[in-house]
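The values are calculated or read from the model by the stated rules, or taken from the named source; none is laboratory data. In this text the structure is predicted, and so the values were computed from the model without any measurement. All Cβ positions, glycine included, derive from the backbone under ideal geometry; neighbour counts span all protein chains shown.
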Amino acid sequence: MREIVAVVYREYLIQTTSLMWIFFELAVPLLYLLMFGVAFDRALGQGLMVENQSLGYNSFFLAGVLAMTCFGNALNQSYGFFVDRDNGILYEFLTYPMRRSEFLLGKVLFQCGMTVLQSVLTVGFSVLLLGVSVPWSAALFIVITMIAGTAGWFFFLSIFAFTIKRNDIYNTVINVIYFLLMFLSSVFYPLDRVPGWLRSLSLLNPLTWHTDLLRFETVGVGTLSDVMLEAGAFVVFSVLAFWLAVRKLQQTG
């Protein structure tokens with residue numbers, strides 16, 4: 001446990017060297033809401049019918065913003081491996097008396113703390129200024145889902161960070177993955193209105209699983225049985241990604 005805390009403390013020291021960067025990270029989800037949510041909410045006027053439930057687009061999109069926040073945080077943290085590898089710090093870390101799994105957990109725990117702050121600000125902004133109705137009884141579940149999402153995506157993206165050696169190739173691969181996952185998911189639009197082939201692909205997308213769970217928690221869209229199935233699938237995805245990331249990190253050393 002001491003080793004994990006040490007890695008978390010290092011991440012804290014790195015991040016707090018630039019308060020402007022922390023402010024930017026905290027503000028990104030709100031920018032998503034303002035650029036996409038508010039604009040589409042006004043454009044749609046009457047809102048959306050999602051599973052026989054009428055929703056304003058801000059209410060629908062809140063879960064998508066939270067899911068994108070988790071993915072973005074995980075992407076930023078996994079990219080840090082390239083910086084550490086270029087300056088040799090990564091290889092020095094691998095000589096320390098700690099398990100590779102402890103190193104990964106320490107790296108992601110600080111980012112999970114940032115995710116919690118972002119989710120509190122984003123949900124609070126949505127409720128107070130955009131009129132989104134969120135059941136506060138679900139607050140703890142939202143926080144847990146945000147933490148689990150950040151961790152799962154971090155482990156997944158770390159696999160590519162450890163496998164790909166060139167920065168430009170990594171950025172290309174990750175941007176393609178980000179584009180495909182984002183638009184083959186339920187982040188921006190309800191899946192009951194898309195073509196059948198697109199819906200089938202979206203239902204196999206871990207980002208859809210994560211978004212649907214957050215949407216159920218924030219505005220009550222979906223059924224408990226469906227979201228529990230998706231939650232279980234995302235847990236399996238995260239555990240598998242963690243195992244593969246640890247193996248890739250061991251090969252790096």
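Selection within segment 162-208: residues that are β-branched (V, I, T) and over 15 Å from the mean Cα position of the chain (by Cα). The member of this set that is surrounded by the fewest Cβ atoms within 10 Å (Cβ to Cβ) is V176. Being surrounded by fewer than 20 Cβ atoms within 10 Å (Cβ to Cβ) and among the basic types (K, R) is a property that does not hold for R215.
The single condition from (1) at pLDDT below 75; (2) on the phi < 0 side of the Ramachandran plot that G45 fails is (2). Report yes if some residue within segment 199-208 is assigned to a helix (DSSP H, G or I), in contact (Cβ under 8 Å) with a residue 40 or more places away in the chain and among the hydrophobic types (A, V, I, L, M, F, W, C); otherwise report no. Yes, segment 199-208 contains a residue that is assigned to a helix (DSSP H, G or I), in contact (Cβ under 8 Å) with a residue 40 or more places away in the chain and among the hydrophobic types (A, V, I, L, M, F, W, C). State which residue is modelled with the lowest pLDDT when the search covers only segment 132-167 and only residues that are of a type in the set (S, T, N, Q) and in a helix (DSSP H, G or I). Among those that are of a type in the set (S, T, N, Q) and in a helix (DSSP H, G or I), it is N167.
Listed here are the residues, each with its yes/no results for (1) assigned to a helix (DSSP H, G or I); (2) small (G, A, S); (3) touching an Asp or Glu at 6+ places or on another chain (Cβ under 8 Å); (4) at negative phi.
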site: W197; (1), (2), (3), (4): yes, no, no, yes
site: E217; (1), (2), (3), (4): yes, no, no, yes
site: G222; (1), (2), (3), (4): no, yes, yes, no
site: D226; (1), (2), (3), (4): yes, no, yes, yes
site: L229; (1), (2), (3), (4): yes, no, no, yes
site: V235; (1), (2), (3), (4): yes, no, no, yes
site: S238; (1), (2), (3), (4): yes, yes, no, yes
site: R247; (1), (2), (3), (4): yes, no, no, yes
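Within the bounds of segment 113-131, is there any residue that is assigned to a loop (DSSP other than H, G, I, E, B), more than 18 Å from the chain's Cα centre (by Cα), at pLDDT below 85 and farther than 21 Å from Q77 by Cβ? Yes, segment 113-131 contains at least one residue that is assigned to a loop (DSSP other than H, G, I, E, B), more than 18 Å from the chain's Cα centre (by Cα), at pLDDT below 85 and farther than 21 Å from Q77 by Cβ.
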